[in-house]
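A.B. asks: This is the structure I have questions about; it appears just below.
The values are calculated or read from the model by the stated rules, or taken from the named source; none is laboratory data. Keep in mind that this is a model prediction, so the values were computed, not measured. All Cβ positions, even for glycine, are placed from backbone atoms using ideal geometry, and neighbour counts span all protein chains on display.
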């Protein structure tokens, strides 16, 4: 199936108006027994990845929308990877992520 990118044309507005997530969500995810790597699949503007970065050593934030990734807020413990979709992790050589997830509310 080909990814239909409906997000790139709205990436700037999305980054400006996307509501945040409650800190309790990330506190809960931070209870993982291993906190070496978290994967934020469908990261959008990366706000969930930044919150995860304070609880995990490394966060891989992926999104199929190149423009969403381009507007993601940088963070020293996050590596961004643009991929075709959630079914294609794009994490070659990395250990398994302990908490795959996305920040949809």
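A.B. asks: So residue 49 ticks every box in (1) at pLDDT 80 or above; (2) out of contact with any strand residue (DSSP E or B) (no Cβ under 7 Å at 6 or more places or on another chain) but one. Which box is left unticked?
C.D. replies: Unmet condition: (2).
A.B. asks: Show me the helices (runs of 4 or more DSSP H) found entirely inside the range 1-55 where at least 2 residues are touching a helix residue (DSSP H, G or I) at 6+ places or on another chain (Cβ under 8 Å) and closer than 15 Å to residue 74 by Cα.
C.D. replies: By residue number, 47-53.
A.B. asks: Still on this structure: Looking only at the range 1-28, how many residues end up being over 23 Å from residue 71 (Cβ atoms) and modelled with pLDDT of 80 or more?
C.D. replies: Final tally of qualifying residues: 3.
A.B. asks: Need pairs with beta-carbon distance below 7 Å; first residue over 15 Å from residue 57 (Cβ atoms) and within the range 18-33, second surrounded by 15 or more Cβ atoms within 10 Å (Cβ to Cβ); sequence gap 6+ or separate chains.
C.D. replies: 18/44; 18/45; 18/47; 20/47; 21/48; 21/51; 21/103
A.B. asks: Which of the residues spanning the range 61-76 are touching a strand residue (DSSP E or B) at 6+ places or on another chain (Cβ under 9 Å), part of a loop (DSSP other than H, G, I, E, B) and either at pLDDT 85 or above or surrounded by 15 or more Cβ atoms within 10 Å (Cβ to Cβ) (or both)?
C.D. replies: Within the range 61-76, 64, 65, 72, 75 qualify.
A.B. asks: Just the residues that are touching a residue at least 60 places away in the same chain (Cβ under 8 Å) and surrounded by fewer than 20 Cβ atoms within 10 Å (Cβ to Cβ), please, taken from the range 41-60.
C.D. replies: Selection gives 42 alone.
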